[in-house]
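Shown next, in structure tokens, is the structure this report addresses.
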Amino acid sequence: MAGCVTRRALAVGGRCCCWWPRPLAGARALRPLATFPPAHPAAATARRHLSSRNRPEGKVLETVGVFEVPKQSGKYETGQLFLHSVFGYRGVVLFPWQARLYDRDVASDAPEKTENPAGHGSKEVKGKTHTYYQVLIDARDCPHISQRSQTEAVTFLANHDDSRALYAIPGLDYVSHEDILPYTSTDQVPIQHELFERFLLYEQSKVPPFVARETLRAWQEKNHPWLELSDVHRETTENIRVTVIPFYMGMREAQNSHVYWWRYCIRLENLDSDVVQLRERHWRIFSLSGTLETVRGRGVVGREPVLSKEQPAFQYSSHVSLQASSGHMWGTFRFERPDGSHFDVRIPPFSLESNKDEKTPPSGLHW
């Protein structure tokens, strides 16, 4: 779930346009702002955020494609071009994942207090199936979203003597179905990413006209253990929504013991119009071995992001290792309001589970 945010996208005569660093001289006149496809509830929100007063000085609009009507059901196919409805970057769908979404904002039929093995009380929630997509991010958009999202969203363990060595693949993300704003383009290479032409082949007769190469299928199959998205956890406190996606990365042997690694991706969203800033994090990490660790610190990944109406979301990834095959994490983020007051936002508790049927640890990047 991370990515590259775009130069603000809007629909001009039904076309998908972005802000680009081109001089105003010679710019064509723009037609009146058209509406997004009315079936998509994010359209009105997107239009509110994309007015001309937000235009960077010296930048003009350039058409990159034509919007399609977003799908209210079903799945997008491999090769579907899209704009991210929150972060605005251009991307292309590689393949879908079916995840279990545990939404603590939606009460279960018979809510009750339960205790997880870590002793952390939380209301019972039932998971529902939800579609996410593995996507490639356009490298041209990455510099423009660095304040709102990390672009190296996928990391993995590779066969290496250093048991703590992690490797990253830039420009890969996991995107929820409702964050996809689909569009079409006549460009045969509409996304700039070193893996685009390695994974996808242009076939004009197909819809969408980009189809999976055998390289993509083989890569998905061989790297499935550390790419797999299975559970998504979500909870809202005082109009700040926290979404967590944990990923099991594999096991390493270190000093005659086993060390299990997980990556977790966190998205913070301000659902209100008030400006707030993240100041502190407070984590509690429970291991099946019986240990309970407390971690406090300023901000996250060295940042103290501001969430505003113009830039309501921030996304980042981090990692945790345990000397046990499973555990739990939960905690709070402390936010500050403009008047100096603070409030705590709950991080939904989530499990750290290893792949029980995995015979060998993930071996890294295969082609």
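The values are calculated or read from the model by the stated rules, or taken from the named source; none is laboratory data. Everything quoted here is computed from the prediction, not taken from an experiment. Positions of Cβ are generated from backbone atoms using ideal geometry, with glycine treated the same way; all protein chains shown enter the neighbour counts. Side chains are part of the model used for accessible areas, which takes the heavy atoms of the whole protein and leaves out ligands, DNA and RNA. Shrake-Rupley method; radii C 1.70, N 1.55, O 1.52, S 1.80 Å.
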- Site ARG100, offset 7 angstrom along Cα→Cβ, radius 17 Å on amide nitrogen, limited to region 208-233, gives 228-233
- Task: Count neighbours as other Cβ atoms within 10 Å of each site's Cβ, and list the GluC sites (Glu not before Pro) in region 194-236 that are DSSP loop with at most 10 such neighbours.
- Result: none
- Rounded to the nearest 10 Å², what accessible area does TYR167 show when all protein chains are kept and the probe is 1.4 Å? 80 Å²
- Classified through the alpha carbon gyration tensor (a ≥ b ≥ c as square roots of its eigenvalues; rounded if a/c is under 1.5, else prolate when a/b is larger than b/c, else oblate), region 221-289 comes out prolate
- In the structure shown, of LYS126/LYS206; LYS71/LYS126; LYS126/LYS222; LYS71/LYS128; LYS75/LYS126, the pairs separated by more than 27 angstrom at the C-alpha atoms are LYS126/LYS206; LYS126/LYS222
- Coil-residue chymotrypsin sites (Phe, Trp or Tyr not before Pro) of region 307-351, DSSP, other Cβ within 10 Å capped at 11: none
- Message: Rg and Dmax in Å for region 193-233, alpha carbons only: what are they?
- Response: 13.0, 40
- Which of ARG217, ARG140 is most accessible, then next, and so on - probe 1.4 Å: ARG217, ARG140
